[in-house]
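For reference, the structure is listed below as C-alpha cells.
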Amino acid sequence: MSYPKESVGQNGSILLESSIPGSLDRCRIEDTGEPSLLRFMCAELTRGYFLEHNEAKYMERREKVYTCMRVPKELEKLMLFGFFLCLDAFLYVFTLLPLRTLLALLRLLTVPCCGLGSSRFLQPAQVCDLLKGLIMVLCCSMMHYIDYAMMYHLIRGQSIIKLYIIYNMLEVADRLFSSFGQDILDALYWTATEPKSRKRAHIGVIPHFIMAVFYVFLHAILIMVQASTLNVAFNSHNKSLLTIMMSNNFVEIKGSVFKKFEKNNLFQMSNSDIKERFTNYALLLIVCLRNMEQFSWNPDHLWVLLPDAFMVVTSEVTVDIVKHAFITKFNDITADVYREYKASLAFELVSSRQQNAYTDYSDSVARRMGFIPLPLAVLMSAYVRQKLIFSHFFFYFSSLTISLCISPSSFLSLAPLYLNHSFTAPPTLTEDTAWDHTHLGFFSPPVPFMQITVKCK
C-alpha cells in the first residue's frame, strides 16, 4: 500500500506528495501542523487495500453466494420428487387399495370354507388393508350428511379479520391432526395384527377402530373448511382476503431463517414443506372444480381463476426458496444436502417395496412427511360423488391410469438412480435415537431421522 510521502519545504512546512497508479497525478498539501480538510480528502481518495490479505474470508463469502444460487434448483428437485411421492400415496387409496381390500376380503371368506390349516386367516398387511377400506367406506358414508354449500355460505358471512384468524387456526390444527393421526392409525394396525394368546384380546381393536374412524372424519371436515375458506377468498370482490392469506406465508421467513438448524431439522422442515405444498395444490384443485361446477364448466371462467391460483403457487414457491436459501447460508449448509434428502426418500421408497418391508409405502410417506392420504381421499371421494358430473367409474380408471404410469415406471426406476448418483457405495440406514423437534413450525409425528451412512468398500 502506498502512503503519502512527507518532505520539508523551503519555509519549514511539511509537503505531502502522494502518487498511486491509477489515482490522481499528485497531491501537494502544506501541513501547518493542524488538521486540514484537504489533507483528509487527499488521504481518503488515494488510500488503497488488498483483498488477498484475507483471501479465506472472501472465498467463503463467494461460496455462500454460490450456495444461495444453487439452493433453488436442488430444492425444487427435492420438492418435485416429494410431490410425486405424495401423489402416488394419494392415488394409491383410489386404485390399489380397493383391489387389495377386495383380495383380502375374498381370502377371509374362502379360507375358512377351504379348511386350510393355517395359523392365521389373513396376513398382517391384509388386515391393515381391510381396516383402511372399512375406514374409507364409513367416513365416506358419514361425509354424505355434510352440506358443503351451507358451510361455504356460513364462512362467507364472516368478516375478513375473522376469516384470516380462522385460516391460521386451521393450518395449525391440520398440523396437529397430522401429528397425532398417524399415531392413531399405527396403534390400530399394531393392535389388530399383534400376536394374541387369548381371543378376548381381539376386543381391544374396537376402540382403536372407532377412534381412527372419528379422526379421519374430523380431519376430512377440517380440510373441507380450509377449502371453503380459500374458496371464499377466491370469490371475494376486492381479493383483499386472498392477499392477506398469501402474505401470511412470508411470516414463515421471519420465524425460520434466524434459528439454528442442523441437517436433521432442515430435513424435517423440507418434508413439511413438501406436504404443505401438495395439500395447497389439492385445495386449489377443489376450489377450481367447485367454481367450474357452479359456472356449468364454462372454459372462460377458468381464465378468471388462473391468476389467483398462480398467485397462490408463486407465493408458496417464493417463500420456500427464500427460506431455504437463507437457512443454508446462516447455518453453513451446502446445497448438496438436498441430494442426500432425496436419496433418503428414494431409499425408503425402495425399502418399502421389498419382501421383508416392515410398513406399507403410504404409511412410510405419512410418517416421514406428515401427509396422511386417507382424510384427503375421503373428502375428494365425497366431493366427486356429490358435486361433479363425472362418474366414479371415470374417476377410478383415470386415477388408476395415472398411478400405474407414475408409480412403477417413474418412481421405482428413479429411486435407484438417485441412490447411485448420491453414493459410491450401498447406503445403510442408521436410526438416530434422539428425536429432534425443536422447529416450532413443524408438527409432524415424532419420527427419528433416518440418517444415511455411507460405508465405503
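Condition test on ILE274, is it more than 19 Å from THR67 (Cβ to Cβ), in contact (Cβ under 8 Å) with a residue 12 or more places away in the chain and surrounded by 14 or more Cβ atoms within 10 Å (Cβ to Cβ)? Criteria met by ILE274. For ALA149, the conditions (1) closer than 23 Å to SER362 by Cβ; (2) of a type in the set (Gly, Ala, Ser); (3) without any contact (Cβ under 8 Å) to a residue 40 or more places away in the chain are fulfilled apart from (1).
Contact annotation: no residue pair with Cβ atoms under 6 Å, 6 or more positions apart or on different chains, pairs a residue in segment 47-74 that is closer than 23 Å to LYS342 by Cα with a partner that is at pLDDT below 85 and surrounded by 11 or more Cβ atoms within 10 Å (Cβ to Cβ).
The set of residues from segment 58-74 being β-branched (Val, Ile, Thr) and touching a Phe, Trp or Tyr at 6+ places or on another chain (Cβ under 8 Å) comprises just one member, VAL71.
What do you reckon, is ASP300 over 24 Å from TYR341 (Cα atoms) and open to solvent by 50 Å² or more (accessible area, probe 1.4 Å)? Yes. Just a yes or no: is a residue in segment 417-438 open to solvent by less than 60 Å² (accessible area, probe 1.4 Å), part of a loop (DSSP other than H, G, I, E, B), of a type outside the set (A, V, I, L, M, F, W, C) and modelled with pLDDT of 70 or more? Within segment 417-438, not a single residue is open to solvent by less than 60 Å² (accessible area, probe 1.4 Å), part of a loop (DSSP other than H, G, I, E, B), of a type outside the set (A, V, I, L, M, F, W, C) and modelled with pLDDT of 70 or more. Taken together, the criteria place VAL127 among residues that are over 30 Å from PHE250 (Cα atoms), in contact with a Ser or Thr (Cβ under 8 Å, 6 or more places away or on another chain) and among the β-branched types (Val, Ile, Thr). For segment 61-92, name all the residues that are within 21 Å of VAL384 (Cβ to Cβ) and open to solvent by less than 10 Å² (accessible area, probe 1.4 Å). The answer is CYS86, ASP88, ALA89.
The set of residues in segment 337-389 that are acidic (Asp, Glu), under 27 Å from VAL216 (Cβ atoms) and within 20 Å of the chain's Cα centre (by Cα) comprises GLU348, ASP363. Scanning segment 292-328 for residues being over 18 Å from the mean Cα position of the chain (by Cα), at pLDDT 85 or above and of a type in the set (S, T, N, Q) gives a total of 0. Out of the residues in segment 323-340 that are farther than 16 Å from GLY82 by Cα and among the aromatic types (Phe, Trp, Tyr), which is surrounded by the fewest Cβ atoms within 10 Å (Cβ to Cβ)? The extreme case among them is PHE330.
The values are calculated or read from the model by the stated rules, or taken from the named source; none is laboratory data. Source: prediction; values computed, not measured. Here Cβ is always computed from backbone atoms with ideal geometry, including for glycine, and neighbour counts include all displayed protein chains. With ligands, DNA and RNA removed, areas are computed over all heavy atoms of the protein, side chains included. Shrake-Rupley method; radii C 1.70, N 1.55, O 1.52, S 1.80 Å.
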